[in-house]
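Have a look at the structure below before the remarks.
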Amino acid sequence: MKILVCDDDVVVLKVIQLALEAEKYDVVLAKDGKQAFQQLRDTTDFDLIITDIHMPYHNGDEILKWVRIEQNAKTPIIMLSSDGEEEVIALALKQGINAFVVKPVNAKDLVKKVNKLLN
C-alpha cells in the first residue's frame, strides 16, 4: 500500500518513513505543501495520506480540501500537528480527516492508526 507523508520537518519525515517501511508500506515523501500537491497531481493511487497542518506553500487544510473536493476522494487522511488543543483537533475532524496525531510523533501509535485505517 502506498502512503504519502507530508511534513516540512525532515526528522519527522524520516521517523515516519522508517516506521512505515518497517511495516512494508510504500512511502512517498513531500517536504512541503508544494511537493505534496505535485505528488497528488502525479499519483492518484495513494491509499493513505499523512500531512502536517502547518507547512510552507500549502498547509494540511488545503491538502485535505483538495483531496476531498477536487479529487472527490475518500482517501484516509491523518493530520499531524504540534498544536494539540481540542478545538484544533475537533475542527480537523469536522473537516474530514480520519485521525489526528499530536507531535512529537510516537511512531508505534502512528503505525497502529495507519494499520487500523488500512485494514
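Taken over region 33-56, the criterion of being more than 14 Å from Ser81 (Cα to Cα) and among the charged types (D, E, K, R) is satisfied by Lys34, Arg41, Asp42, Asp45, Asp47.
Looking at Ala90, is it among the hydrophobic types (A, V, I, L, M, F, W, C), farther than 21 Å from Leu118 by Cβ and assigned to a helix (DSSP H, G or I)? In short, yes.
The set of residues in region 2-35 that are surrounded by fewer than 16 Cβ atoms within 10 Å (Cβ to Cβ) and part of a strand (DSSP E or B) comprises Lys2, Asp26. Selection over region 40-97 of residues that are surrounded by fewer than 17 Cβ atoms within 10 Å (Cβ to Cβ) and in contact with a Lys or Arg (Cβ under 9 Å, 6 or more places away or on another chain) gives a count of 12.
Summed over region 39-57, residues that are in contact with a helix residue (DSSP H, G or I) (Cβ under 6 Å, 6 or more places away or on another chain) and closer than 20 Å to Val88 by Cα total 4. Residues that are farther than 21 Å from Asp9 by Cα and in contact (Cβ under 8 Å) with a residue 12 or more places away in the chain within region 21-45 comprise Glu23, Thr43, Thr44, Asp45, listed in sequence order.
Scanning region 97-117 for residues that are touching a strand residue (DSSP E or B) at 6+ places or on another chain (Cβ under 7 Å), over 11 Å from Ala19 (Cβ atoms) and modelled with pLDDT under 95 returns Ile97, Asn98, Ala99, Phe100, Val101, Val102, Lys103.
The values are calculated or read from the model by the stated rules, or taken from the named source; none is laboratory data. Just so we're clear, the structure is a prediction, and the values are computed from it rather than from any experiment. In this analysis, Cβ positions are derived from the backbone assuming ideal geometry, glycine residues included, and neighbour counts consider all displayed protein chains.
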